[in-house]
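Since the structure comes first, as structure tokens, the remarks are kept for the end.
Bear in mind these aren't lab numbers, they're just calculated from the coordinates by the rules spelled out. What you are looking at is a predicted structure, and each value in this text was computed from that prediction instead of being measured. Glycine also receives a Cβ, built like all others from the backbone with ideal geometry; neighbour counts cover every protein chain displayed.
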Amino acid sequence: MVPPVILKSFFLLWVLALMPQHPPDTSLRRGAWSREAISLFNTWGALDDNPYRNATIYSPDHKNAIRIVGEKVTAIIDGKKFATDFAEKTNAELGWAPDSSGFFLTWTDGGITGTWHTQVYEVTPSGLKEASGLTRAASKNFESRIRGLPREPGNRTYWDAAEYCEANVVGSQWIGSRELLISVLVPNVGTCRYLSEFNVYRISVPDGRILERYSAKEAHRRFNHSNLPLIVR
């Protein structure tokens, strides 16, 4: 007969074996594109597969929150829980508006080099409401300007083989709670003409109307550079 103390030891070892080998990740890390945003999954260029993620991103007034548990992301509004599809948005980062009325969400569906998107969600009693087409005008304006630039001097073979790529859009920072600064840029991909070129747009929320446009250098002079893409050209 096995002594009780040995049975107890085996039981404790069995329980420990079933427990997660890693502690829950409760840290809140700043976004990669904007220091005013928080990374949902603390990932960059990797799959958002973290079964130990357990964190809460509170609104500035602490009345609402975005809750991340493993790969599940839930909006908590006035104590009510609303499911979201944010877990499907790779490398997502979220920036609350100063008045807690909503937030911007930047994410990619094509890895680090694109395609990046920015959406704005309004907090309502019935859940989150997306501002549809918010960045459309800025993207169209930027892509038109890129196509209007003169041909780059130098390697003709490269220029002829390259193409005008669809613009990426990343959230930069709020200006008040009804205006958003976004960066619109050419993906940093070798097949793109004017790769990494970008402009910064101040747009109104929720209609996306362009209020002002800044060149990359001008934006870095006027706004916090840690919220903007790097100037590499």
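Before moving on, here are some points about what is shown:
- Förster radius 41 Å - calculated FRET efficiency between residue 191 and residue 61, Cβ distance, rounded to 0.05: 0.35
- In degrees, nearest ten, helix 4-18 long axis to first principal axis of the chain (Cα): 10
- Residue (of 70, 96, 200) at the positive-pole extreme of the chain, dipole from beta-carbon charges: 200
- Candidates 114, 154, 70: whichever shows maximal mean-square fluctuation once the chain is modelled as a Gaussian network with Cα springs under 10 Å: 154
- Candidates 181, 94, 28, ranked by Gaussian network fluctuation over the chain, Cα under 10 Å, top entry: 28
- Potential extension, residue 218-residue 163 segment - 0.36 nm per residue separation minus Cα distance: 17.2 nm
- For the chain, the antiparallel share of DSSP beta bridges with both residues in that region comes to about 95%.
- Charge dipole magnitude, Cβ of K and R +1, D and E -1 - the chain, Cα centre, debye nearest 20: 420
- 0 to 90° range, to nearest 10: angle between helix 136-148 axis and the chain longest Cα axis: 50
- Cross-link pairs beyond the 28 Å C-alpha cut-off, checked among 81/140; 89/140; 63/129: 81/140
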